[in-house]
Amino acid sequence: MENTVFLVSVLGPIFLVTSLSVLLYSKTWQKVIEGWMKNHFTLLPLVYMELIFGTFIVYVHNAWTWELPTLFVTILGWQMIIESIFYFILPGEWIKWALKVSKNETVLGVSGILGLAIGLYFCYLAYFPAIQGLFQ
């Protein structure tokens, strides 16, 4: 459970800030994604980092329980690993198609809202002492 608290404390603000950025500056994010579509190899450093962090999360937190924060963190770690593997294995045209889909304004909006909800949930669990009892 200590690993869950630690990971939620780290991931919560990351989700919160990134999702707010996507929601507030979706046009800018669309331009960033367009750049990635022109040369998807510029994503390599991000994909390596995602693979490293996903592997770290799964190594310290491969806990399959029905407790929501624990389950969310475990699924997130596996999602990061699988997404990284797909990037390295799939043909470039498939990567560009996935980037094209993610550039869609509706997809960006839904992703931003989901990420914001997860970020708020994680921050609430991690930084509000009244809820700490749920972790113990």
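Compared with the dominant principal axis of the Cα atoms in the chain, helix 26-38 is inclined by about 60°. Between W66, W36, W78, the GNM of the chain built on Cα springs shorter than 10 angstrom shows W66 fluctuating the most. Counting only alpha carbon atoms, the long axis of helix 92-103 and the longest principal axis of the chain meet at about 70°. Determine, for segment 2-127, the count of lysine pairs separated by eight or more sequence positions (or lying on different chains) whose alpha-carbon distance falls under 12 Å. For segment 2-127, the number of qualifying lysine pairs is 5. Each residue, F6 and L20, gets one label point 7 Å from its Cα in the Cβ direction; the gap between the two is 2.6 nm. Around the Cα centre of the chain, unit charges on the Cβ atoms of Lys, Arg, Asp and Glu (plus for the first two, minus for the last two) sum to a dipole of about 440 debye. Annotation for Q79 and W97: the two label points, set 7 Å from Cα along the Cα-Cβ direction, are 2.2 nm apart. Hey, in the GNM for the chain with a 10 angstrom Cα cutoff, which one of T55, T18, T65 fluctuates hardest? The residue with the greatest mean-square fluctuation here is T65.
Put simply, segment 2-127 fits an ellipsoid with semi-axes of 26, 19, 11 Å; these come from the alpha carbon gyration tensor as the roots of five times its eigenvalues, largest first.
The mean of 1/r over all pairs of different alpha-carbon atoms in segment 22-78, once inverted, gives a Kirkwood hydrodynamic radius of 13.4 Å. Applying the Karplus relation 6.51 cos²θ - 1.76 cosθ + 1.60 with θ = phi - 60° to segment 64-79 yields 3J(HN,Hα) values of 9, 10, 8, 6, 4, x, 5, 5, 4, 5, 4, 4, 4, x, 5, 4 Hz, where x marks Gly and Pro. If you fit an axis through the alpha-carbon atoms of helix 44-60 and take the longest principal axis of the Cα set of the chain, what angle between them do you get, 0 to 90°, nearest 10? The angle comes out near 20 degrees. FRET efficiency for the pair Y124 and T42, taken as 1/(1 + (r/R0)^6) with r the Cβ-Cβ distance and R0 = 30 Å, rounds to 0.30.
No lab work stands behind these numbers, since they all come straight from the coordinates. Source: prediction; values computed, not measured. Methodologically, a virtual Cβ is constructed for each residue, glycine included, from the backbone with ideal geometry; neighbour enumeration extends over all protein chains shown.
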